[in-house]
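The values are calculated or read from the model by the stated rules, or taken from the named source; none is laboratory data. Keep in mind that what you see is a predicted model, and the values were worked out from it rather than measured. Using ideal geometry, Cβ is built from the backbone for each residue, glycine included, and neighbour counts are taken over all protein chains shown. For accessibility, only protein heavy atoms count, side chains too; no ligands or nucleic acids. Shrake-Rupley method; radii C 1.70, N 1.55, O 1.52, S 1.80 Å.
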Amino acid sequence: MGLRKIILQKILPRFLITSAILLFIRTGAAIPIPGIDHNDLAFAIQKNLVTKNLVRTFLGDQVLIVGLFTLNIFPAINASIIMQFLIGFSPQLSQLQKEGDFQGRREISRLTRNITLIIAVVQSIGLTLYLRPVLLNWSLFLGIQLVLWLTAGAMTVLWLSEIITDYGLGNGTSLLVYTNIVVNLPNFINKVLEDNAKQTMVMSFLSSTVLSILLATALYAIVLLQSSIFEVDLVSSKRLNRSSTRQYFGKASLSYLPIRFNQAGVMPIILTTTFLVIPNYIVNLGIFQSLNFLTNFKFVYWIGYFVLILGFSSFYTSLVLNPKDIADQLQKSAVKIPGVRPGVQTIFYLKKEIQRITFVGATLLAFITILPNFIESTLHITTLNGLSTTSVLILGGVVLDLKREISNIYYSEIYNDMY
């Protein structure tokens, strides 16, 4: 099958499905929920600091529309965080995840959807209650309507994201986060231009230079992490029996097992960012104002970011790469690691290598993510207030994941034609 035919028959339909769903979700986020006078809402929010901060937490600085898909994919991301913890501490769920069969995946998906529904209801109720003071036509019926609209919108977005994952291009959750970032890029560019206009020529040049270097570094780092692999040499017993000693030491019979430095992709960044937003969200609700210390002591935030990225990376890697399963597959295929005995020794060797590689990749990921905060505090460059290398890493990671999936589709079709 030629390249053009593969694009038209395999890639283009997936692309159209993904694009249509993303456009539908963005349109739904801009459609106001019935029963709310958004002109009165926008006027009242400007006078209510707590509610204004709450709306910013969900909708961003420039948007004051409570739309059908306002909660977007955030309840599903929070549910993924909770599910990862449950899998880590529950042997039954961990076994279901590791088995990887259809029944196990369906049970995990069902639990994740149930948790997403609970979180969506809680977030809808919270948003509704704290919009109550600025809704002039407030009533209990209107409050119930808001909760139902917001919850239904969140579950619809979850369903659509799963359709993207199954029938479109890329991971639905990652693409929705990617879309939210891209939509907010014009606001960031305008902010950078406004800040530079207020600064002296020297500070403007310094800010622009540092900003460009950080963006380039972040992009280079994510490309390096996503494409870098560690090769574990393998040797086939059958080929070794037919090969001479000279061929063996010349690696004529060797292949390798590739282990990616960033096996989890951008999900640890998404989960960590969502997790660290929770204290700010609680403070914006006017609850537990003592949590403000997190904004006053930024080193606590940096340490938390490091620890959470390391933790989530380890979680995802342990779910994707099980040393015992890999060792069993190697033994069934009559393949071994040179110098390592099959069985228990292979399991311990793979576990040690996977942990070491994951730690290196996660450390570099966390370092690149907090670098702008460190430079901002050290050099006092205010332009970096709107910069998030987390966003840049997510953008780069999602594009690379898309490229990898398209390549897999292409090569699988070529393989099918050959055999």
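Short to long, the 5 Å bins of the Cα pair-distance histogram for region 63-171 hold 2, 12, 18, 19, 17, 12, 8, 6, 4, 2, 0 percent of all pairs. Computed extension length for Leu148-Gln95: 15.6 nm, one decimal, from 0.36 nm per residue of separation with the Cα-Cα distance subtracted. Once the Cα-Cα distance is subtracted from the 0.36 nm per residue extended length, the Leu206 to Asn137 segment shows a gain of 19.8 nm. When the C-alpha to C-alpha distance is required to be over 32 Å, the pairs from Lys332/Lys352; Lys10/Lys351; Lys352/Lys403 that qualify are Lys10/Lys351. Per residue, the solvent-accessible area of region 295-360 (1.4 Å probe, heavy atoms of protein chains only, all protein chains present) comes to 59 Å². Spacing of the modelled spin labels on Thr363 and Glu405, each 7 Å from Cα toward Cβ, amounts to 3.2 nm. A Förster distance of 51 Å, applied to the separation of the beta-carbon atoms of Val183 and Lys324, puts the FRET efficiency at 0.75.
The simple Förster model, with R0 at 41 Å and r as the Cβ-Cβ distance, assigns Leu215 and Ile163 a FRET efficiency of 0.80. Spin-label pair Ser412-Tyr256: with each label point 7 Å from Cα along the Cα-Cβ axis, the two points sit 2.5 nm from one another.
Think of a 1.4 Å ball rolled over the protein heavy atoms: region 82-185 then has 53 Å² of accessible area per residue.
Between Leu129 and Gln355, the contour length at 0.36 nm per residue exceeds the Cα-Cα span by 76.9 nm.
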